[in-house]
Structures are given as structure tokens and as C-alpha cells.
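Novice: Got a structure for you, questions after.
The values are calculated or read from the model by the stated rules, or taken from the named source; none is laboratory data. Predicted, not measured: the structure shown is a model, and the values here were computed from it. Glycine gets a Cβ as well: all are built from the backbone with ideal geometry, and neighbour counts include every protein chain shown. These area figures cover heavy atoms from the full protein model, side chains too; ligands, DNA and RNA do not enter into them. Shrake-Rupley method; radii C 1.70, N 1.55, O 1.52, S 1.80 Å.
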Amino acid sequence: MIHINEHYLKLQASYLFSDIARRVASFQEAHPDREVIKLGIGDVTQPLPPACIKAFHAAVDEMGSRDGFRGYGPEQGYAFLREAIAREDFLARGAVVASDEIFVSDGAKCDTGNIQELFGLDAKIAIPDPVYPVYLDTNVMAGRTGGFKDGRYEGIVYLDSTAANNYVPELPREPVDLIYLCFPNNPTGSTISKEQLRRWVDFAREHKALILFDAAYEAFIRDPALPHSIYEIEGAREVAVEFRSFSKSAGFTGTRCAYTVVPRDCMAYDRQGNRQPLHPLWNRRHCTKFNGVSYPVQRAAEAVYSPEGKAQCKELIDGYLANAALIAQAMRDLGYRFVGGDNAPYIWIDGRRDSWEFFDLLLDKAGVVCTPGAGFGKCGQGYIRISAFNSRENVVRAMERIRAALA
Ligand SMILES: Cc1ncc(COP(=O)(O)O)c(C=O)c1O
């Protein structure tokens, strides 16, 4: 008899986006004359930068020629892209990362979800609340948690991100083995200072723990004092893996390209307590289960680092950040407490009432769709997330409507 992996049965069905869609659909049915503006989902809306499109087209043409055709590429990514990443994203910022420590993939979602299979099933996991759900669900699937009780999985050390700590969690009071951090944060839009990040690195070193640092929103950082990479912190190479993505930095959500950094000196331990480098383990997993990102996509990603590509990506993100500033200003004027929006595309607003109640209020009175914070964890209750991913015109109109509805 074939048995299922029963850990899957512990997973809480995520009704968040289907619930949102259902409420929006019934609103539209009841008010066919009212236009709804969606500021809920974290997907980009603007087209790919022209430099990426040009490189993409040229690479597709190469694939159609006898001399330029390529079959399977290196699983870890082509050297042209890995070298550009090492040079531009790390060395240029004083962070030491070699090109062969970079693993190109088709998404930070897969990488942040897959990395946990490198670790023991008894690893004690620390996960922020609220959180991007992938970190939690993939550990549930693997069997690292107990059941779901009172809104939380047993066995997980939750790292509360609240107004009291300015949405940057405190160090755990107990030793943990694996720590997920994400800055700039989804869903809160909060950022972490170098000093705060240093404390996490020191904690990981002290407890022989590992930090999984998700920097998918790094490109939104504008404050020069904020770290873009955990490797800007001394000693981080031994205790941190970093995830990056072209999804939000260059509009690649539908094109798919990302990468993971596993430094050669990054260690975990076997049962005898011997240091075991993670690089060969991740390399083995990657080569066994993944066959590389397509050549044209990697050429399009390489173009992000060309002078035109850099300027175009900056313009793209500046546009989203200008939207975020409009949203933040509206919330400030209306007297709501919020975080994010200055170095991130998300604004996390204390609605002073139930998350879904606030969601319904904005939908009914303003025709604007946000995301109820309760869908991201227990600490998200009472909050909503508004995303800056939309056109300037739509954000302007949405804020006019919200101002009128909440004034
Ligand atoms: C924090 C975080 N990490 C990773 C991802 C996924 O990125 P990718 O599109 O590269 O899979 C997202 C997407 O929303 C995200 O919010």
C-alpha cells in the first residue's frame, strides 16, 4: 500500500488569496459599475527593462543558429552571469563572494523552499511572524513541526515582528539551529540595520546555527546605511546562505531567474560534531534535481548589470518606490501607524481593527484591494499590507479614494 507523507496533512490550507478573490468577485457582482484597484498581490506590473529584452531576443536568435545553439548548460548557471553577479552585487559593495559560490536558479521561492532538505529533521527552526509562508510550509512538509494549534505550528520558534521591536525580531531566548530572516521584509516592508544584523550573525556563530537570509527585495534599499547583503557583516560567510531574485529587481516574476549564495566556508555539522561545508551539499542537490535556467533568460539577467540595464532597473524600482511614498503619505495624513514603503515595496499598516474588517472596509468604501495581515501569521492580525506594485495612476486614484473613505 502506498502511504502519503502525512506531514502534508498538517498544512493549513491557505485561503488568503482565494478568500480575497472571492470577496472581490462578490463585490464586483454587487457593484458592476465600480472599478476595483488591486494593491494586494506582490507581483510586478511594469514590463521588462529594454536592455533585458534586447539581450533576451539576441540569445533566442543564437539558439536558432547552428553556431550559437546551446543544449544543457551548467546546472549552477553560466559563468558570464555568475561572474557579473559576484562582481556587481557583492564585490562592488565590499562583500566577498566568489562566482563559484553562486547558484543560479529559476526562483527564490524554490531555493528558500528546497534548502531545508540539507538539514536534520530535528533541527530547531526559528521563523519570523508575520512571514512569507514558504519557509514555514516547507518545514511542515518535511516533518519538522508538530500540529497546528492556536494559530501556530508546534515545535517552531516564532520570531515576533511587532510595533514593540519595530518589526525586527529579537534574538531567540533559546538556542536554535536554523534561522530564517528576510530584509527588506515581506510582508512588513521593514529593514534591518548593520548593527542588528551583526547581532544575528554573532548569535549564529555562538550557537553553531545557520541563517537563511532572503534578500529578494534588496534592490529597493535606498538608505545608504542599510546592508544589502548579509555578507557585508564580518563572519557571516561561515553562518549564512543568501537568496536573491531578479523577480522584483528587474521584473522577472514571469521570466524566472534567481540565485542562492553558499559560501565555501559556510558550515553545518554532522552527528559527530564535525564541520561539514554546505557548498558541496547544495551543489549536489542542485545538480541532481535541477537542470539549469534557460540560456536566453540568463542572458536577459546578465543585461541587468549593463550600464543601460542598471539605469533601467533603477528607474523601474524608483517608480514603485514613488508609489510606496504616495501610499505612506496618505496613511500618515490619515493618522495610521505603519512601517515600510521607503526601502521596500510594501506598506504594513496597523488598521486598529481586525485585518479582514479593514480589508472589507477598503473594498466596500474605496474599491481598493489590499492584503489582510492575518494571512501572514498571528502577529499580522490587525494589520493590512498595501503593495506599491501598480501603475502610478492607479496608486494615485486608489489613495484619493482611500482618503475620501477614511477621512
Ligand atoms: C520574501 C520573498 N522571497 C522570495 C520570493 C519569490 O521570489 P521568486 O519569484 O524568485 O521565486 C518572494 C516573492 O514574492 C518573496 O516575497
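Novice: Output wanted: per-residue J couplings in Hz (rounded whole) for region 320-337, from phi through Karplus 6.51 cos²θ - 1.76 cosθ + 1.60, θ = phi - 60°, x for Gly and Pro.
Specialist: Taking θ as phi minus 60°, the curve returns 5, 5, 5, 4, 4, 5, 5, 5, 4, 5, 4, 5, 4, 4, 7, x, 8, 7 Hz for region 320-337.
Novice: Of V304, V36, V339, which has the largest mean-square fluctuation in a 10 Å C-alpha GNM of the chain?
Specialist: Judging by the Gaussian network model, the answer is V36.
Novice: For the chain, what is the relative contact order in percent, using Cα pairs closer than 8 Å and at least 6 residues apart in sequence?
Specialist: Averaging sequence separation for qualifying contacts and normalising by length gives 23 percent for the chain.
Novice: Counting only heavy atoms of protein chains, what accessible area per residue, in Å², does region 144-261 have with a probe of 1.4 Å?
Specialist: 35 Å²
Novice: Can you run phi through the Karplus equation (6.51, -1.76, 1.60; θ = phi - 60°) for region 89-96 and list ³J(HN,Hα) in whole Hz, with x for Gly and Pro?
Specialist: Those phi angles translate into 8, 10, 4, 4, 9, x, 9, 8 Hz.
Novice: Next question. For E117 and D364 in one chain, what is 0.36 nm times their gap in residues minus the Cα-Cα distance, to one decimal in nm? All intermediate terms of the calculation are to be shown ahead of the outcome.
Specialist: Details: separation 247, 0.36 × 247 = 88.92 nm, distance 4.41 nm.
In short, 84.5 nm is gained.
Novice: Among G113, G273, G42, determine the one that fluctuates most according to a GNM of the chain built with springs between C-alpha atoms less than 10 Å apart.
Specialist: Most flexible of the set in this elastic network: G273.
Novice: Largest first, please: the extent of the C-alpha atoms of the chain along each principal axis, to the nearest Å.
Specialist: 59, 54, 54
Novice: Which percent of the accessible heavy-atom area of the chain goes to carbon and sulfur, probe 1.4 angstrom?
Specialist: Ligands and nucleic acids excluded, carbon and sulfur reach 51 percent.
Novice: Heavy-atom accessible area per residue, region 1-136, 1.4 Å probe: how many Å²?
Specialist: On the way: 7660 Å² over 136 residues.
Spelled out: the 1.4 Å probe surface of region 1-136, per residue, equals 56 Å².
Novice: Considering the zone a paramagnetic label at S14 would reach in this model (a point 7 Å from Cα along the Cα-to-Cβ line), which residues of region 114-153 have amide N under 11 Å from it?
Specialist: So the set is 131-138.
Novice: If I model a spin label as a point 7 Å beyond the Cα along the Cα-Cβ vector, how far apart are those points for L281 and R352 in nm?
Specialist: 4.9 nm
Novice: For a quick check, take a GNM of the chain with Cα springs below 10 Å and name the residue from P345, P49, P187 with the largest mean-square fluctuation.
Specialist: Evaluated over the chain, the most mobile residue of the options is P49.
Novice: How far apart, in nm, are two points set 7 Å out from the Cα along the Cα-to-Cβ line at R337 and at A407?
Specialist: Here the modelled spin labels are 2.6 nm apart.
Novice: Go through region 249-266 residue by residue and turn each phi into a ³J(HN,Hα) via Karplus (6.51, -1.76, 1.60, θ = phi - 60°); whole Hz please, and just put x for glycine and proline.
Specialist: Once rounded to whole Hz, the list reads 6, 9, x, 8, 4, x, 9, 6, 7, 7, 7, 10, 9, 10, x, 5, 8, 7.
Novice: In whole angstrom, note down how far apart the Cα centers of region 257-297 and region 184-209 are.
Specialist: Taking the Cα centre of region 184-209 as reference, the centre of region 257-297 is 22 Å away.
Novice: At a Förster radius of 25 Å, what calculated FRET efficiency corresponds to the Cβ-Cβ distance of L91 and S65, to the nearest 0.05? Can you show the working numbers first?
Specialist: Working: r = 34 Å, r/R0 = 1.35.
According to the calculation, E is roughly 0.15.
Novice: Taking 30 Å as R0, compute the FRET efficiency from the Cβ-Cβ separation of A25 and E393 and round it to 0.05.
Specialist: 0.80
Novice: In region 339-391, what trypsin sites (Lys or Arg not before Pro) fall in a loop by DSSP, with at most 14 other Cβ atoms inside 10 Å?
Specialist: Here the sparse-neighbourhood loop sites are R352, R353.
Novice: Find how many whole Å separate the alpha carbon centroid of region 315-363 from the alpha carbon centroid of region 1-59.
Specialist: If we compute the Cα centre of each part, the gap is 19 Å.
Novice: Within region 54-198, count lysine pairs with alpha carbon atoms under 29 angstrom apart where the residues are 8 or more positions apart or belong to different chains.
Specialist: 6
Novice: Could you give the length gained by full extension between R205 and H7, i.e. 0.36 nm per residue of separation minus their alpha carbon distance, to one decimal place? Don't skip to the answer; put the middle values down first.
Specialist: Values: separation 198, 0.36 × 198 = 71.28 nm, distance 3.09 nm.
Going from the current span to full extension adds 68.2 nm.
Novice: Which value, in Å², gives the accessible area per residue of region 317-407 when a 1.4 Å probe is used on the protein heavy atoms? Walk me through the numbers on the way to the answer.
Specialist: Numbers: 3160 Å² over 91 residues.
Normalised by residue count, the accessible surface of region 317-407 is 35 Å².
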